[in-house]
1. Please go through the stretch 490-559 and write out the chymotrypsin sites (Phe, Trp or Tyr not before Pro) that DSSP classes as loop and that have at most 13 other C-beta atoms within 10 Å.
2. Show me the ranking of peptides 433-446, 141-154 by mean Cβ neighbours inside 10 Å, starting with the highest.
3. Taking Cβ-Cβ under 4.7 Å as the only way to count a partner, pick out the unpartnered cysteines of the chain.
4. For the chain, state the semi-axes of the equivalent ellipsoid (square roots of 5 times the eigenvalues of the alpha-carbon gyration tensor), sorted largest first and rounded to whole angstrom.
5. Cross-link candidates for Lys5: which lysines have Cα within less than 16 Å, leaving aside residues fewer than 8 places away along the same chain?
6. For a distance above 15 Å, tell me the whole-number percent of Cα pairs in the stretch 264-310 that qualify.
7. How big is the accessible area of Phe39 in square angstrom, nearest 10, if you roll a 1.4 angstrom probe over the protein chains?
8. Write down the percent of antiparallel bridges among all DSSP beta bridges whose residues are both part of the chain, to the nearest 5.
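The values are calculated or read from the model by the stated rules, or taken from the named source; none is laboratory data. From a predicted model like this one, the values you see are computed outputs, not experimental measurements. Note: ideal-geometry Cβ built from the backbone for every residue, glycine included; neighbour counts use all protein chains shown. Quick note on the areas: whole protein, heavy atoms, side chains included, nothing else; ligands and nucleic acids left out. Shrake-Rupley method; radii C 1.70, N 1.55, O 1.52, S 1.80 Å.
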Amino acid sequence: MGKIKLTETTSTSFKDEGLRDGREYFYIIIPKGSSGSCFGPSSQCITVSPVAPPGVQITCPSDAAVINLLNESPRGTIECAIEAVGGFDGNVEVECTSLNGTICNSAQTSLSFTSQLTQQFVSFNVEVVSSAKVEGRGEASVVLSYGDVKIAHPFQLWFIEYGQASEAQYDQEYFAPRCTAAGRYCSSETLLEGRGKRLGPELNTPNSFNNTCVDGNQGTYKVDESIEKIIVRSGDIHEMAGRDMKEGDAVTIEATVFSYGTGAADTADFFYAKDASNPEWIWIKSIKPTQGGLNTLKASYILPGNSTNQAVRVNYRYNGLLSTCSGGPYDEADDLIFAVLSKNPPPPTSKTMNAPSGRPSASPSSSAVSNSPIFEDNANELQATANATFDSSLGAPSCLTTSSSCDTGTLVDGRGRTGLNGKERNGSNSLDQCKDGRRGVYHKHGSIDRILVKTMDGDSFKEGSQIWIEATVYAKRKHEYKADFYYTNDAASPNWIYIGEKSASSKNGLKVLTMAHTLFLPGTMQAVRVNLRQGERNDEVSCSTGSKDDVDDVAFAVI
């Protein structure tokens, strides 16, 4: 782990501060002479593990409790974790005080801790008296008392006139919470509390579009990771929700999550989709919590135009890579669908038209992921995709001019002798003559139908670019398939570097698999490979030889 210099001292003692309880720390002392290059032999290494004195600690969400003043009885709830440390065993008195015309109380006024019961959660209810319904900020404080000790923990209150459509309802067509009328904000309220069928349990799990992303079911509720609430409101992070959400305006996503341990291993990935009925997820940013327990994480973006039914997704993961659906045993992805006002309402017309049903499509593009700059109107409309052409000298589709994306289109649709028009175009479509499996029937057995590579920032491919690799595959669940992703910086003489694996099979067959990667090596013509296989992966090869396996490559120019 290496050594760091803590201090120099002429004293015979030293006090180290800011340490974590229960963690081992190692110390040595090196005597130093009058000359900077003169040192004596070091002391023996001493190991110390700090232990907290008996007591209690309190952790509340890292952000304000929001109270909607337009409710008949304006109130808000904040939940805090109270933990006994250092072997504390006894009773703790709990009270809540508040200012600014509010009343704060809790049903639990006394807690008892033992060696078996070391953590408890307490909800504090803040109610606004009728004479104090004024927008602004306030403060409340939780006070814990035991023996001669008193601990006060303040938390912020935010009083806002949110307007209509504040509370989402579960929508059985989208399989996620939805606000059907445009307003100043849309909140999942209690619909997302918990994770999966075991933790909480979460109502209507998994609360993702068309049930496409299943939550992990390992862990313990309020110990391990979960998404508790998602709010979308008008205004950026530093503004109040002062108007109804409208195309082209800034909005803020506020995700309340529960973090495991210190929260250092957890990350929330924020996405939005212009069309909630057929979502193409656009990455906004990824945020790590600042503490263990409850956190409120925020991300702002610009609502795209030409759609009044939009969606956001939060993917909360334990370690792992950026993803719309990381799928780990402690991971969760939740969606929130909401209405927005049109920036340019259509002119009135005398024609009578049938309104669309609004039922979501099960198109395979629903799990696709894109990236765009934040705070750009119509930000999901990136540079036009550069369509690849078959390069006979390479033996695979390629994009010879630099661009921000490279798309095979239908060039790799099918597998070997099976395809939309009887066979896959241009044979195996691989840089090193990797042969596809020759058995099976098109769209009954597995095939790679399309590969799209694009930069996350919308700029042209260059060394160091972060990219998305999207592979559209066909693999029915009864034929279990996996997809391996590879990368090479030299398309003319590929030395394949393994990136990762994705489960490819789905109930309906078609599925879009997404993998993030960085072009970390130099090279003017680079490439990616997708290897769709039924058997186990062989670490020694990048070309599986199963009779129903498919391998396709795409090369692209890099600055």
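1. The qualifying sites are Phe520.
2. Those peptides, ordered most packed to least, come out 433-446, 141-154.
3. Cys38, Cys45
4. Here the semi-axes work out to 47, 36, 22 Å.
5. Within the straight-line limit of under 16 Å, Lys5 reaches these lysines: Lys15, Lys32.
6. 52 percent
7. About 120 Å², ignoring ligands and nucleic acids.
8. Antiparallel: roughly 90 percent of the beta bridges in the chain.
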